[in-house]
Amino acid sequence: MRNNPKFRELVAKRNAFAWTLSAIMLIIYFGFILIIAFNKAWLGTLLTSTGVMTIGFPIGVGVILSAIALTGIYVYRANGEFDEMNRQIIEESR
């Protein structure tokens with residue numbers, strides 16, 4: 001099975017995609033942490049002069065939602081392309 005070129009292709013594509021999404025998430029997360037570390041006052045700025053919500057709140061929610069979105073993107077591709085490649089590999093090995 002490991003010598004099958006389609007299996008190697010599947011592993012390479014899946015790993016590259018997973019690392020890409022992981023890098024995107026790390027950039028988003030550590031970007032947020034760096035803003036907290038170096039520009040905390042900006043995150044505490046009110047969105048409106050009469051409001052109580054700061055800029056940091058929607059950015060923090062955005063970090064959480066980006067993690068959910070990236071997970072959804074991975075699941076969508078895994079259930080489509082990767083599962084189809086896996087099915088083909090299993091059929092060829094029988």
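Could you state how much accessible area residue 48 has, in square angstrom rounded to the nearest 10, with a 1.4 Å probe and all protein chains kept in place?
For residue 48, the solvent-accessible surface is approximately 70 Å².
Where the accessible area of the chain is counted over protein heavy atoms with a 1.4 Å probe, how much of it, in %, is carbon and sulfur?
It is 68 percent, rounded to a whole number.
When the scattering of segment 22-94 is computed by the Debye formula from its Cα atoms alone, each counted once and equally, what is log10 I(q)/I(0) at q = 0.19 Å⁻¹?
Once normalised to I(0) and log-transformed, intensities are -0.83.
Which value in deg cm²/dmol, rounded to the nearest 500, describes the helix-derived mean residue ellipticity at 222 nm for the chain, given -39,500 (n - 2.57) per DSSP H run of n ≥ 4 and division by the residue count?
After summing the helix terms and dividing by residue count, I get -25500 deg cm²/dmol.
Keeping every protein chain present and rolling a 1.4 Å probe, give me the accessible area per residue for the chain in Å².
It amounts to 74 Å² per residue over the chain.
Any idea what angle helix 56-77 forms with the longest principal axis of the chain, computed on alpha-carbon atoms, 0 to 90 degrees, nearest 10?
Relative to the chain, helix 56-77 is tipped by roughly 10 degrees.
Roughly what angle does helix 83-93 make with the longest principal axis of the chain, taking Cα atoms, 0 to 90 degrees, to the nearest 10?
Orientation of helix 83-93: about 20 degrees from the principal axis.
The values are calculated or read from the model by the stated rules, or taken from the named source; none is laboratory data. What you are looking at is a predicted structure, and each value in this text was computed from that prediction instead of being measured. Accessible surface is based on the protein model in full, side chains and every heavy atom, while ligands, DNA and RNA are left aside. Shrake-Rupley method; radii C 1.70, N 1.55, O 1.52, S 1.80 Å.
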